[in-house]
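**Student:** What follows is a structure written as structure tokens; I'll ask about it next.
The values are calculated or read from the model by the stated rules, or taken from the named source; none is laboratory data. Because the structure is a prediction, the values reported are computed rather than measured. In this analysis, Cβ positions are derived from the backbone assuming ideal geometry, glycine residues included, and neighbour counts consider all displayed protein chains.
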Amino acid sequence: MFKLNIFFVIMLMACALGVVTSQHMVRKLFMALEKEKVIEQKLDIEWGRLQLEQSTLIMHGRIEQIAKDRLNMIVPPATSVQILSITPVEQR
Amino acid sequence: MINPIKPQLKLSTWRSLLIFCMLLLGLVSLAGRAAYLQGMNHDFLQKKGESRYSRTLEVSADRGMITDRNGDILAISSPVVSIYADPAVVKISPEQLKQLAGMLEMDSEEINAKINRKNRFVYLKRQIIPDDAEKIEKWIKATKSKSKASSKAKEPAIEGIYFTYESKRYYPAGEFAAHVLGFTDVNDEGQEGVERGWETVLAGELGQRRVIKDNKGQVIEDLENRPPKPGKDLVLSIDRRIQYRAHEELKEAVIAHKARAGSIVVLDAQTGEILALTNLPAYNPNRRSTITNERIRNRALIDTFEPGSTLKPFTVAIAMEIGKVNANTVLQTSPGTWQVGKKTIRDVSNKGELTVAQIIQQSSNVGTAKIALSLDSQTMWEMFNRSGFGALTNLGFPGEASGILRPYNKWRPIEQATMSYGHGISASLMQLARAYTIFSSGGELKPVSLLKQDTPVMGQRVISRDTAQAMSIMLEMATKPGGTAPLAQISGYRVAGKTGTAHKLINGQYADKSYISTFVGYAPVSNPRLIVAVMIDEPSAGKYFGGAVAAPVFNGVMSSALRILNIPPDAPANNVITFTATPEMGDEG
């Protein structure tokens, strides 16, 4: 009877320590997760900013200006446009 | 040495019993109290305990993106940082306060007032760029580590200042899509335009996290986690490229003609989708300071005006539909004036005998009035009503106007006559553009929409296909030499349209020198794809006829839109016939 009690006490201690360590591990992992989340958030911000930057860069006013001023491009007059109509290709 | 005499204490038993009972009572009450707390009040106390170390964090939900029909971004939320303080724990030296004020570009007095408030939460500054916030965060951290390293550090650690992410709305299109999109306020709630009209779709739902934080303020455990629901993205029918062109053309015209305001609506003639909608004056939604009530007005939807001659085709169409006239019926418009009751209806000049087609082409008020008075007032009212006048366009926009179409049983003959050329009736530019779908789609009124349509929309038949086709020929004549709007001609495409020049109603009186110039037209005539409606309010640089002011704007917008959408030409490239303007271009009415 006494031996059994000793055994139980040891088991109890082991379980208690197990709980403590697992709790510790959980917190550690959780903190790692939190850190990753912060990184995710930062990347999200970056992504938003890049999207914004992209859509600002492809704004038509800007493209038009560059095409006109820097590349000396013009809209072709209708008389110099040749229209090719697409004839549907028969399959088989 | 004297032996101490042990005092014989004779204690009576009742005293020891009393002590024993009292001790026992104490023990029992303690046990009882413990049992009470552990058993009965357990949950309540557990919560109280948790609240000492648990915190509830709000997790913001992203607002949905707004894109145009091709997926180009029109409005996007990007995170920004707001700085807040807990006045109860704030620790900051006066020098540091000054430094912080400098970084935040604020007055140090202002911050001081904020951190001395009684409550436990106060924003120091909202919506700053993440980069700037990071600098401040690093600086605060540095003061903490310095003061930890040596207790004699000059600068004490700064406490009680925190950072939180919020999102801010950005509009890359800036001014040129401002009226369509509207804007949100500092709390991310839509205030105008699509942002307000579709608030429930765009807005997400806040998430909530209850967490345990350790003494360093780091989150160590989630107790409860309700993730945020992000808002849905919205795909508008707008085409950003056409929208931009329309706005630029409008800007040029408004400046050139020294106009008070102006609007343009571009519709897809087949689906009724709004491809562009723009007004001037406008504002930049990214800069709140440019927003004024005058600039906010989405004139194309909210403001109604008397459309003038652009309404003539509807009168003629119904007269043709019920067989009163056909395109070749000849009417006498000489001498250019016509007495109806006490009032005189005038043309710009004496045009003599005109066919019905020429009445539209040359925009004769007398001719149209004569046709109108041959009609029953109810028939005419029904035509206007079924063309969508006096009825909301149901776009879902806040503040849409329905215009005024008075009941036919109250019309007097003179009113019926003036209404036929667009006076005594009012409409928004959107209604006018929508009404022209009748002529461009072979007789059907198409519902307009601001969201991209994936399935073809059913219209409502107003006039027969034949009548619509006949009207289309007349409207094309109006853009040819001899018509009121030769400036609307586009090289390579057949164009149809109608000018309008209406005296402005100011305080119930027609103003002498204030006009509204309009042009509504569509192209290519052989298979209409686009409708462009232009309205210029009070052009005051000399020209004011719709054919001279609004038609060139139509031309600019239409030709770029046709090019942008790769619509094949339906006419030879040398179809434009230039000529010098004659007085006939006038279309006052």
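**Student:** Take residue B:373 and decide whether it is over 26 Å from residue B:536 (Cα atoms), crowded, with 19+ Cβ neighbours inside 10 Å and without any contact (Cβ under 8 Å) to a residue 60 or more places away in the chain.
**Tutor:** So residue B:373 fails the test.
**Student:** Next question. Just wondering, is there one or more residues in the stretch A:1-14 that are charged (D, E, K, R) and within 14 Å of chain B (Cβ to nearest Cβ)? Full working, then the answer.
**Tutor:** Taking the stretch A:1-14 first, the residues charged (D, E, K, R) are A:3.
Pick out the ones that are also within 14 Å of chain B (Cβ to nearest Cβ) and you get none.
The answer is no, given that none of the residues of the stretch A:1-14 is charged (D, E, K, R) and within 14 Å of chain B (Cβ to nearest Cβ).
**Student:** Let me ask something else about it. For the stretch B:396-429, how many residues are farther than 28 Å from residue B:263 by Cβ and among the aromatic types (Phe, Trp, Tyr)?
**Tutor:** 2
**Student:** Kindly check whether there is at least one residue in the stretch A:68-77 that is surrounded by 11 or more Cβ atoms within 10 Å (Cβ to Cβ), under 41 Å from the mean Cα position of the chain (by Cα), more than 10 Å from chain B (Cβ to nearest Cβ) and in a helix (DSSP H, G or I).
**Tutor:** Looking through the stretch A:68-77, at least one residue is surrounded by 11 or more Cβ atoms within 10 Å (Cβ to Cβ), under 41 Å from the mean Cα position of the chain (by Cα), more than 10 Å from chain B (Cβ to nearest Cβ) and in a helix (DSSP H, G or I).
**Student:** Something else about it: Considering only the stretch A:17-39, state which residues are polar (S, T, N, Q) and more than 12 Å from every other protein chain (Cβ to nearest Cβ). Step through it out loud before you land on a result.
**Tutor:** To start, the set of residues in the stretch A:17-39 that are polar (S, T, N, Q) comprises A:21-23.
Listed by number, the residues that qualify are A:21, A:22.
**Student:** Let me ask something else. Can residue A:42 be described as surrounded by 11 or more Cβ atoms within 10 Å (Cβ to Cβ), among the basic types (Lys, Arg), within 9 Å of chain B (Cβ to nearest Cβ) and assigned to a helix (DSSP H, G or I)?
**Tutor:** Taking the combined requirement at face value, the residue satisfies it.
**Student:** On to the next question. Considering only residues that are closer than 21 Å to residue B:94 by Cβ and part of a strand (DSSP E or B), look in the stretch B:124-145 and name the one that is nearest to the other protein chains (Cβ to nearest Cβ).
**Tutor:** For the stretch B:124-145, the residue satisfying everything is B:125.
**Student:** Same structure, new question: If you take just the helices (runs of 4 or more DSSP H) that sit entirely in the stretch B:191-270, which of them hold at least 2 residues that are surrounded by fewer than 19 Cβ atoms within 10 Å (Cβ to Cβ) and away from chain A (no Cβ under 13 Å)?
**Tutor:** Where helices (runs of 4 or more DSSP H) fall fully within the stretch B:191-270 and carry at least 2 residues being surrounded by fewer than 19 Cβ atoms within 10 Å (Cβ to Cβ) and away from chain A (no Cβ under 13 Å), they are B:199-202, B:240-256.
**Student:** While we're on this one: Can you tell me how many residues within the stretch B:359-414 are more than 30 Å from residue B:237 (Cα to Cα), among the hydrophobic types (A, V, I, L, M, F, W, C) and assigned to a helix (DSSP H, G or I)?
**Tutor:** 10
**Student:** Can you tell me which of (1) modelled with pLDDT of 90 or more; (2) surrounded by 22 or more Cβ atoms within 10 Å (Cβ to Cβ); (3) touching a helix residue (DSSP H, G or I) at 6+ places or on another chain (Cβ under 6 Å) is the one residue B:311 doesn't meet?
**Tutor:** So the condition that residue B:311 fails would be (3).
**Student:** Let me ask something additional. Which residues, counting only those in the stretch B:63-80, are more than 9 Å from chain A (Cβ to nearest Cβ) and assigned to a loop (DSSP other than H, G, I, E, B)?
**Tutor:** B:63, B:64, B:68, B:69, B:70, B:71 - these are the residues of the stretch B:63-80 that are more than 9 Å from chain A (Cβ to nearest Cβ) and assigned to a loop (DSSP other than H, G, I, E, B).
**Student:** Here's another thing I want to ask about it. Looking at residue A:55, is it of a type in the set (Ser, Thr, Tyr), surrounded by 10 or more Cβ atoms within 10 Å (Cβ to Cβ) and facing another protein chain (nearest Cβ under 9 Å)?
**Tutor:** Yes; evaluated as a whole, the condition is true for this residue.
**Student:** Please state which one of B:333, B:290, B:337, B:304 is in contact with an Asp or Glu (Cβ under 9 Å, 6 or more places away or on another chain) and under 25 Å from residue B:509 (Cβ atoms). Explain how you work it out, then say what you get.
**Tutor:** Details: B:333 fails: under 25 Å from residue B:509 (Cβ atoms); B:290 fails: under 25 Å from residue B:509 (Cβ atoms); B:304 fails: in contact with an Asp or Glu (Cβ under 9 Å, 6 or more places away or on another chain).
After applying the criteria, what remains is B:337.
**Student:** I would also like to ask the following. Hey, can you tell me all the residues within the stretch B:40-60 that are assigned to a loop (DSSP other than H, G, I, E, B) and either closer than 16 Å to residue B:223 by Cβ or within 46 Å of the chain's Cα centre (by Cα) (or both)?
**Tutor:** Residue satisfying the conditions is B:60 alone.
**Student:** Against the conditions (1) under 24 Å from residue B:548 (Cβ atoms); (2) buried (at least 24 other Cβ atoms within 10 Å of the Cβ), where does residue B:480 fall short? Just the number, please.
**Tutor:** Looking at each condition in turn, residue B:480 falls short on (2).
**Student:** A further question follows. In the stretch B:81-97, how many are outside any loop (DSSP other than H, G, I, E, B) and modelled with pLDDT under 85? Before the answer, list the steps.
**Tutor:** At the first step, the residues of the stretch B:81-97 found to be outside any loop (DSSP other than H, G, I, E, B) are B:81-85, B:91, B:94-97.
This time we only want the ones that are modelled with pLDDT under 85, so: B:91, B:94-97.
Total satisfying the criteria: 5.
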